[in-house]
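Below is one structure, written out as structure tokens, with a few remarks after it.
All of the numbers you see were taken from the coordinates with simple rules; none came from a lab. No experiment lies behind these values; they were computed from the predicted model shown. Note that we place each Cβ from the backbone using ideal geometry, even for glycine, and neighbour counts take in every protein chain shown.
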Amino acid sequence: MKTNYHTHTSRCHHALGTDEAYVQAAINNGYSLLGFSDHTPWPYRQRDFVSRIRMSMEEYPGYLASIRRLQKKFCDQIEILVGVEAEYFPEYLGWLEQQLSRGNLDYAIFGNHYRQSDEVRQNNPYFGNCRHREEDLQAYLDCMLKGMESGLFSIIAHPDLFCRSDPSFDEPCRSVSRMICERAKDLNCVLELNVSGYAYARKMGQAGTPHPEFWKIAAEVGNTVILGLDAHHPGALQEDQDREAGLQLAKRLKLKLIDQIPLLR
Ligand SMILES: [Zn+2]
Ligand SMILES: [Zn+2]
């Protein structure tokens, strides 16, 4: 089955297109399920704080309403779900838990990009390709394990983010990967083979993620894996080049691939 649980909207300030355009693209290309998982808003302690990479709390009700409307409108053609992509920010996870338990959201995916809330400017670098900074790699691993242990997330997005634009893979990478994969296996967490890395790698002119070495370890450990497009524009749902590359990698490594996740409710 052709599914994708990792779809953004223009509300996060770095994605393009109307919500409906994503749905149309998915229908046109034969998807049977489309899950929206835009970057979640957070109930920031600094009331006037505005994130440049996530929707605001004011936009959130409109996000839910828009996707639920599309869910009804296209119910004969495609299954649509509403989720968010969220970080491990312990001080704000109570809010996320509430959204899930109230049924406002169908699911949440864990996008571990930062160790602390966006309000924190110092010592809070982006985790993408943090593999050469020992302290950040350790922080990445810590957040990863705690996020998985929280039990809030249906999918662990791009678990290989730490080597996003670097094909070399040394011993620390290997040991971090193994710890992530083993804990995911213990906790029954689904790992996402995020194929948006292929487009990024093309842009950078160098291979990065999905990192074959990470996924080799996932295959050895026996993790359950799902493909994710991380669509930031409707066109990502219209072309299959990166999806096919991901499927090929999964096939070559004999990854345990699934196309649907059990929902929390
Ligand atoms: Zn992400
Ligand atoms: Zn994403």
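A few notes on this one:
- For region 108-224, the relative contact order works out to 27 percent when only alpha carbon pairs closer than 8 Å and six or more residues apart are counted.
- Entry note, region 3-258: relative contact order of 19 percent, from Cα contacts under 8 Å with a spacing of 6+ residues.
- D (Stokes-Einstein, µm²/s), Kirkwood Cα radius, region 111-265, 1.306 mPa s at 10 °C: 100 µm²/s
- Taking N as its residue count, the alpha carbon Rg of the chain over 2.2 N^0.38 Å: 0.95
- Debye equation applied to the C-alpha atoms of region 1-80, log10 I(q)/I(0) at 0.11, 0.23 Å⁻¹: -0.31, -1.05
- CD proxy at 222 nm, helix term only [per DSSP H run n ≥ 4: -39500 (n - 2.57); per residue of the chain; nearest 500]: -11500 deg cm²/dmol
- Ile27 paired with Asn188, simple spin-label distance in nm, labels 7 Å along Cα-to-beta-carbon: 3.5 nm
- Panel order for Ile180, Ile80, Ile53, by other beta carbons found within 10 Å of each beta carbon, from fewest to most: Ile53, Ile80, Ile180.
- Cα centroid separation - region 148-189 against region 113-144, whole Å: 14 Å
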